[in-house]
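Asker: Next up is a structure, given as structure tokens.
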Amino acid sequence: MSSSFESSTVDAHGLGLHVRQRGAGGSPAVVLLHGLLDHSHSFDFVTEHLPDSWHLVLFDFRGMGRSGHLPRSANYQFADYLVDVEAVLRGTGLEAAHLVGHSLGGIVATAYAAARPSRVLSLSLIESLGPSGGPPENALARLRGFLEDLERTPNRKRYPSVEDAAARLREGTALPEHLALHMARHGTEPVDGGVAFTFDPSHRRRFGFGYDDAQWLALSSAVTCPVRLILGSEGYGFDDERARARLAALRHAQPPLVLPGGHHVHLEQPEAVARALRELIQPAR
């Protein structure tokens, strides 16, 4: 389980997406989707425990990692990420694949599975059970927030070193130091005076549209493939009434798996997460 990944660029309607593949032509095909402001290297430790015979596809969402950014005058919206998934499947020649998503990646994977059921063979959702949602009346506050954010100039903060950038990551994620360093090394680039994260700071703007709870339940109920939810014991906590309703809407979901760790449990428990992926994607016969 040590084969290296090959990098390439996939076209997403004029925007270049950074893609890494291992075992092209192998089976099963598995596409891994990272979380907001992260990058594909968040799955590096998990893939070390997955078979070389699998065709693994990792990519950076638009405006994150090493993928292209939108023009400064443009805005990112949730549906764009589904465009990215479609482009990656097309660009890697995959008719269908198993999707693994962390946080935002899991939300995107769920929505894509609902919209393209024939193209998704299974869903593995890591610390991900849908957007913040809420009642329909939240739509007005969300739209106002979107317009307010347009008046703020995106700020790309600089850090003296990769270690300083890693320390900033630890503030928001409580990641162990060595894992924060891994994410910072792959998620920053040199700039005058130090380093800066590669993600487009425009991603910090709020979306103008978001699914309310009823809409998300409708999407979730349209998912036809097997689903497994993987949670960190110290993660976001999906044990309220809303989470139970969302899990119930995923009609083919297995009982959730809870592992020691936080929101980035796949970084903290890569071998256990890989084992769960193998059990769902290619169970022993």
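Asker: Find how many whole Å separate the alpha carbon centroid of the range 205-276 from the alpha carbon centroid of the range 149-180.
Answerer: Distance between centres, Cα-based: 25 Å.
Asker: Here's another thing I want to ask about it. Any idea of the accessible area per residue across the range 1-129, 1.4 Å probe, to the nearest Å²?
Answerer: Here the residues of the range 1-129 average 33 Å² of exposed surface.
Asker: Can you tell me how much longer the chain between GLN77 and VAL258 gets when fully stretched, taken as 0.36 nm per residue apart minus their C-alpha distance, in nm with one decimal?
Answerer: 62.1 nm
Asker: On the protein heavy atoms, probe 1.4 angstrom, tell me the percent of accessible surface of the chain carried by carbon and sulfur.
Answerer: 52
Asker: Provide the net charge surrounding GLY35, with neighbours chosen by a C-beta distance below 12 Å and charges set as Lys +1, Arg +1, Asp -1, Glu -1.
Answerer: -3
Asker: What is the local net charge at PHE146, summed over the other residues whose Cβ is closer than 9 Å to its Cβ (Lys, Arg +1; Asp, Glu -1)?
Answerer: Neighbourhood net charge equals +2.
Asker: Okay, moving on. Once every DSSP H run of n ≥ 4 in the chain is given -39500 (n - 2.57) and the sum is divided by its residues, what mean residue ellipticity at 222 nm do you get, rounded to the nearest 500 deg cm²/dmol?
Answerer: -10000 deg cm²/dmol
Asker: Moving on to the next point. Taking the Cβ of GLY235 as the centre, find all other residues whose Cβ is under 13 Å away and add up their charges (Lys, Arg: +1; Asp, Glu: -1).
Answerer: With Lys, Arg at +1 and Asp, Glu at -1, the net is -4.
Asker: Apply the a/c threshold of 1.5 to the C-alpha gyration tensor of the range 81-171 and tell me whether it is rounded, prolate or oblate.
Answerer: oblate
Asker: Still on this structure, please answer the following. Could you tell me the ratio Rg/Rh of the chain? Both radii from Cα atoms, Rh via Kirkwood.
Answerer: Over the Cα atoms of the chain, Rg/Rh equals 0.94.
Asker: Looking only at PHE197, PHE43, PHE209, which one moves most when the chain is put into a Gaussian network model with springs between Cα atoms under 10 Å?
Answerer: It is PHE209.
Asker: Antiparallel DSSP bridges in the chain: what percent, to the nearest 5?
Answerer: 45
Asker: For a protection proxy built on the mean count of beta-carbon atoms within 10 angstrom, sort 5-17, 137-149, 266-278 highest first, please.
Answerer: Taking the mean over residues of other Cβ atoms within 10 Å, the ranking is 266-278, 5-17, 137-149.
Asker: Arrange the residues ARG66, ARG204 by how much accessible surface each exposes, largest first, with a 1.4 angstrom probe.
Answerer: ARG204, ARG66
The values are calculated or read from the model by the stated rules, or taken from the named source; none is laboratory data. Since we're looking at a predicted model, the values are computed, not measured. Note: ideal-geometry Cβ built from the backbone for every residue, glycine included; neighbour counts use all protein chains shown. Surface areas here come from the heavy atoms of the whole protein model, side chains and all, with no ligands, DNA or RNA. Shrake-Rupley method; radii C 1.70, N 1.55, O 1.52, S 1.80 Å.
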